[in-house]
Each structure stands twice: as structure tokens, then as C-alpha cells.
């Protein structure tokens with residue numbers, strides 16, 4: 001019996017090592033395919049526009065979600081040198097509690113939204129969602145293969161890849177710019193189906209202190225070789241000075257994409 005126990009321990013450790021090696025190999029294969037698809041997408045899309053419906057919602061004490069504001073807008077993205085995209089939005093209509101606001105209120109709101117977004121460094125669909133998986137950022141993230149998702153996402157069976165910011169390796173101040181992300185990757189095409197992400201570190205800014213901030217982007221096929229975002233969702237909780245916690249939720253739906261129409265007039 002004394003000889004059997006060490007043998008069992010050895011076999012368990014050996015099996016664990018083999019499984020870890022297989023997971024590492026699988027992870028590398030998935031990431032290589034995903035990044036190749038992302039490069040091809042970036043090379044193809046010089047510019048793109050979307051028609052967008054954006055909602056702001058409040059979460060009541062009983063958990064019910066109430067729509068408070070709705071915006072209709074046009075979003076423009078243009079590829080810059082280095083592969084990143086610029087992002088511009090034109091607000092077309094604005095509703096509060098279902099009531100359409102006049103043009104003066106629309107212009108004022110659009111200006112305030114732009115200023116707030118610039119100050120807080122808010123992320124949008126122009127953000128490089130695959131940055132945590134790229135070799136240049138390997139020292140900043142711990143990336144693991146989580147297997148197959150228990151349930152299909154939008155009908156697609158998905159691999160799960162997790163990227164967690166490594167606070168021990170990130171230089172001072174850099175951790176504030178990183179995200180933690182769970183990727184759902186279609187097992188058949190290797191396109192991203194869903195990204196669930198959050199800031200690696202919540203930074204207190206202005207009068208608000210965030211306790212949670214969770215975001216997600218859903219993607220769908222535009223063609224056999226190209227998938228595009230169709231929904232952005234955000235949900236969080238904040239505390240404003242000495243007031244009670246504020247629960248908020250928002251969503252943007254993207255439709256009617258138009259690709260490569262030469263947006264030379266957009267920054």
C-alpha cells in the first residue's frame with residue numbers, strides 16, 4: 001500500500017501536467033486564429049458607420065429596470081495609422097421618459113455627453129477588445145483557457161478565454177487602463193461572439209465612486225468572413241458623495257452598418 005500511494009500521486013501529477021500542456025496548446029491555437037481574423041478585419045475595414053439606438057436606464061430598489069432616456073445617433077469609425085480606430089457620434093434625437101426633446105436640449109446634451117466621455121476615458125466599440133491577447137501585452141495579462149461554455153451564446157457553441165490584468169507586473173498607473181475580460185469564441189469560425197469585461201481597477205473620479213462597472217459587447221455575422229458588434233451593454237453601481245448608491249444600466253444597439261464609404265470629413 002505504501003508503494004501504491006506514491007504511484008497514484010505521481011500518476012495524478014503526470015495527468016495534471018498533460019492536461020495543462022494540452023490547455024496551453026489549445027489556448028495558443030485559439031488566440032492565433034482569433035488574432036489572425038482580427039488583423040484581416042482591420043485590414044478590410046477602412047471606415048464604418050452604424051445607426052444606433054442608445055438607452056439609459058435606472059434600476060429601482062425592487063430590481064426593476066426603467067428606461068429614462070433614449071438617444072438616436074449615427075456612429076462613425078475610421079481606421080488610423082497603427083490599426084486603431086477613431087470614433088465619432090452625431091446625436092439625431094433625444095427622449096426623456098418617452099418625450100422627445102427640442103433641438104436646443106439635444107445640442108446641450110450632446111456637448112455634455114462628449115465632454116464627460118472624454119474626461120472619464122470611456123470605452124466604446126472602437127476600443128481594441130483583443131489588446132489583452134496580443135503578444136505586446138503578454139506581461140500585463142494572465143490569459144487562460146476555460147474550456148467550452150456551458151450554454152451556447154446566440155446559438156453558437158463557444159470556447160471561453162479569460163484575460164486577467166496582472167497587477168504585480170503592470171507598471172505604476174498602467175493598471176488603471178487595463179481590463180479583465182471573458183471572451184466567448186465561436187468554436188466553428190473562431191470569431192468573437194461575446195466579450196464580457198470590466199476595468200481592472202475602478203478609479204474614483206469627480207463626485208462619483210464606482211463600486212461595480214460591468215460591460216459587454218455582442219457580435220454577429222455580417223458576412224461569412226466578417227462579424228460586427230450589434231449591442232453594447234453597461235451596468236454599474238456608484239455612490240455620489242454622501243447619497244445612497246445609484247444603480248444604472250445602459251444599452252446601445254447597432255444596425256445598418258455601411259463599410260468603406262471614405263469618411264474623409266471625420267476625425
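By how many nm would the segment from residue 153 to residue 138 lengthen if fully extended, with 0.36 nm per residue of separation less the alpha-carbon distance?
2.7 nm
In nm, to one decimal, how far is the residue 260 label point from the residue 92 one, both placed 7 Å along Cα→Cβ?
2.4
Kindly put 68, 25, 49, 168 in sequence by how many other C-beta atoms sit within 10 Å of each C-beta, fewest to most.
Ascending number of Cβ neighbours within 10 Å: 168, 25, 68, 49.
Once the Cβ-Cβ distance between residue 117 and residue 32 is put in as r, and R0 is 51 Å, what FRET efficiency do you end up with, to the nearest 0.05?
Plugging the Cβ-Cβ distance into 1/(1 + (r/R0)^6) gives 0.90.
Going by how many other beta carbons lie within 10 Å of each one, how would you line up 89, 146, 43, fewest first?
43, 146, 89
Would segment 147-226 count as rounded, prolate or oblate if I go by the C-alpha gyration tensor, calling it rounded below 1.5 in a/c and otherwise prolate when a/b exceeds b/c, oblate otherwise?
Judged from the Cα gyration tensor, segment 147-226 comes out prolate (a/c at least 1.5, a/b above b/c).
Starting from the Cα of residue 53, step 7 Å along the direction of its Cβ; do the same at residue 124; then give the gap between the two resulting points in nm.
Inter-label distance under the simple model: 2.0 nm.
Give the separation of the Cα centroids, segment 81-118 to segment 165-183, in Å.
29
Suppose R0 equals 45 Å; then what is the FRET efficiency for residue 40 and residue 102 from their Cβ-Cβ distance, rounded to the nearest 0.05?
Step by step, r from the Cβ atoms, then E = 0.50.
At residue 74 and residue 169, where each label point lies 7 Å from the Cα along Cα→Cβ, what is the point-to-point distance in nanometres?
About 4.4 nm, to one decimal.
Give me 251, 115 sorted ascending by neighbouring Cβ count inside 10 Å, so fewest comes first.
The most exposed by this proxy come first: 115, 251.
Only the coordinates and a few stated rules stand behind these numbers; no lab work does. As the structure is a prediction and not an experimental result, all values here were calculated from the model. So basically every Cβ, Gly included, is an ideal-geometry build from the backbone, and we count neighbours across all protein chains shown.
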